[in-house]
Amino acid sequence: ECNRTSGITFRNNVFAAMRQGISVFGVPGVSVLNNTFAGILQEGLVLSRAPSSQVENNIFYDVGSGEDSYACIDPASRGTPSGGGRRAGSDRHAGKHLDAQVNGHVVPGAAVGTYCSGAPHYTLDPLFAGAAGLNFHLRSNSPLIDLGVALPQVANDYDATPRPQGRG
């Protein structure tokens, strides 16, 4: 009998300038928390047959070209992904712009859309310090600051700064 992998966590990573981000097939309990996906040609995240998965507080920026989506999460993998806008990104193919609410906060200039999985996302410029130079820190005026939710699995950020700060 073979031992199966389960409970993989991707936390506080930067996935940048690559063909595809994370792709997981047949692994239960995957957590994708507080990551930045930027400049990825295809999907930033693909979860297939990954029951009880959790996707929270991720930024998808300039991900997917043509018909590719920011994230594809099949019905079997939708254990606890939040549908309340905890995933945000900027889509170069954006259409209309409007004010959207994310966790009760108004996000000016955000366009509401959906992933291929049907989960909502908001299109806006995250205001990175310097995405061209791969500096994905948020500027002090970023609309994403304090929009995430506090997660017990995330005690610090990419730079080891304690989290949460502010409201999330």
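The values are calculated or read from the model by the stated rules, or taken from the named source; none is laboratory data. The model shown is predicted, which means the values in this text are computed figures rather than measured ones. Here Cβ is always computed from backbone atoms with ideal geometry, including for glycine, and neighbour counts include all displayed protein chains. Keep in mind that these areas ignore ligands, DNA and RNA; they rest on the heavy atoms of the full protein, side chains included. Shrake-Rupley method; radii C 1.70, N 1.55, O 1.52, S 1.80 Å.
Assorted remarks:
- Identity of the residue in the stretch 118-168, part of a strand (DSSP E or B) and open to solvent by 40 Å² or more (accessible area, probe 1.4 Å), that ends up modelled with the lowest pLDDT: Pro162
- Set side by side, the residues Asp99, Asp68 differ, and just one is at pLDDT below 80, charged (D, E, K, R) and open to solvent by 80 Å² or more (accessible area, probe 1.4 Å), which is Asp99.
- Scanning the stretch 1-47 for residues that are open to solvent by 50 Å² or more (accessible area, probe 1.4 Å), of a type outside the set (Lys, Arg), in a strand (DSSP E or B) and touching a residue at least 60 places away in the same chain (Cβ under 8 Å) yields Thr9, Val14, Ala17.
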